[in-house]
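See below for the structure under consideration.
The values are calculated or read from the model by the stated rules, or taken from the named source; none is laboratory data. Computed from a predicted model, the values in this text were never measured in an experiment. Quick reminder, even Gly has a Cβ in these numbers, built from the backbone with ideal geometry, and neighbours come from all protein chains shown. Heads up: the accessible areas ignore ligands, DNA and RNA and are worked out on the full protein's heavy atoms, side chains in. Shrake-Rupley method; radii C 1.70, N 1.55, O 1.52, S 1.80 Å.
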Amino acid sequence: MTATDTHRAIDAVWRIESARIIAGLARIVRDVGHAEELAQDALVAALEQWPKSGIPDNPGAWLMAAAKHRAIDLLRRNKRLERKHEELGREIEAQQEMAVPDLEAAIDDNVGDDLLRLVFISCHPVLTSEARVALTLRLLGGLTTDEIARAFLVPEATVAQRIVRAKRALAEAHVPFEVPRGDELAARLSSVLEVLYLIFNEGYTATAGDDWMRPALCEEALRLGRVVAGLTPKEPEVHGLVALMEIQASRSAARVSQSGEPILLLDQNRALWDQLLIGRGLTALERAGKLGGSRGPYALQAAIAACHARALAPEETGWPRIVELYAELAQLTPSPVVELNRAVAVAMAFGPAAGLELIDTLTSEPSLKAYHLLPSVRGDFLFKLGRFAEAQQEFARAASLTRNARERDLLLDRARASAQSSPPPAPR
């Protein structure tokens, strides 16, 4: 295995394991900033050692062990050791020499609870709403600042500042590492849902890298969503979000070919859609409706996903109903991205010319300037209208904007198909 292959493998392991490591360490050191630094130290050790020694049989356990050793060192040399010992309990205070197995047991206990605590800490009211989302995506999802910035359509420097300031604010406020209760839980719930939604989306369609999907992120967001639904059973939008993620996740097996190429919705083999997940999603959507939440933003998106899930074939999709749902969503949460999706539904229901008319109103939108899906969708409409040369330009531009290798290949293929469909220039 080459050094490049090893680094890619390390990156993949980090994506999967970082949240669990940071969450476990945060419960021990009681500081998310220190916890992330300790986890990053373990990552640096892996980058230094694995290219020489090879990737361990259990790389996640190796990273966890390395991080735990660093946590022990931090606790031993911390000038406020006495206070730390009081927080950790009398047993640790009585033992100047802390054994690794004891710390391992402490960290590995209730891992799911640790992750949920980490979400709520990152969404503490002491932080701005933007900082809550950015920090949780960083800590729980293991996303880079660049990936978070692309998810928000804001500059990378802005996200970096939010994360630094958020860690400082949490440390200064001495935020407890616990799941809030009562009114405080309800106050933080909306930002938690937003975070889970963005984590799921990053897993569903990765913004960068060599893979079209990052299933571990989808699974983690869905798992945490189910946990939050269990904690807040009477909150309709929690069930709406869970419904949305369940139904979207049901398509995962059909969204990627055996060689890893993306397969778009209308080209998917619907026999591969997971009917168990669809059933769970429809049940969660029904539960949201019974609680009076059928018109919340997540429930509306889940209703759109349900229209696709109920269609046995693409031509059976209720596109006029989807147009209505997107119009309602646009009224509730105005967004250029919602309008872009509405344009797709309009094109499917009433023809590509109608969709193009809508999408052309978005071309001057500043937040969509570097958003690759705008030229991608516009290229699709142009292709269907037989304007192949224009379609080629749009697909090529979309390919230049995406950071995902699989998506770039798909867009370049569509650009080539458009070029091949273009009539030859007229002779002079």
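Brief remarks follow.
- Carbon and sulfur %, accessible surface of the stretch 253-312 computed with the full protein complex present, 1.4 Å: 55
- Cleavage-rule hits (trypsin sites (Lys or Arg not before Pro)) in the stretch 148-220: DSSP loop, at most 15 neighbouring Cβ within 10 angstrom: R181
- Remark: the chain carries 48 Å² of accessible area per residue (probe radius 1.4 Å; ligands, DNA and RNA excluded).
- Extension gain, R416-F350: 0.36 nm per intervening residue step, less the Cα-Cα distance, totals 21.1 nm.
- Shape class of the stretch 148-307 from the alpha-carbon gyration tensor: oblate, with a/c at 1.5 or above and b/c at least as large as a/b.
- Span from the the stretch 190-240 Cα centroid across to the the stretch 359-428 one, whole angstrom: 30
- The chain: C-alpha pair distances exceeding 39 Å, %: 26
- Rounded to the nearest 10 degrees, the inclination of helix 297-310 to the longest alpha-carbon principal axis of the chain is 60 degrees.
- Annotation: amide H-H contacts under 5 Å for G209 (H modelled 1.01 Å from N, sequence separation of 5 or more, or interchain): A405.
- For the chain, the longest principal axis of the C-alpha atoms and the axis of helix 319-332 are separated by about 50°.
- Axis of helix 129-139 versus longest Cα principal axis of the chain: the two differ by about 70°, to the nearest ten degrees.
- A cut-off of 5 Å between modelled amide H atoms, ignoring neighbours fewer than 5 places along the same chain, links V256 with I263.
- Computed over the chain with a Gaussian network model linking Cα atoms closer than 10 Å, the most mobile of L373, L285, L217 is L373.
- Of G54, G296, G318, the one that fluctuates the most in a GNM where the chain has Cα springs shorter than 10 Å: G54
- Nitroxide proxy distance, nm - points 7 Å out along Cα→Cβ at A389 and A187: 6.1
- Here the accessible area is traced with a 1.4 Å probe on the protein chains. For the stretch 329-409, carbon and sulfur cover 53 percent of it.
- Computed Rg/Rh of the stretch 315-392, alpha carbon atoms with Kirkwood Rh: 0.97
- Protein accessible area in the stretch 120-225, 1.4 Å probe - carbon and sulfur %: 53
- Distance between modelled label sites at E365 and E261, nm, 7 Å Cα→Cβ extension: 3.0
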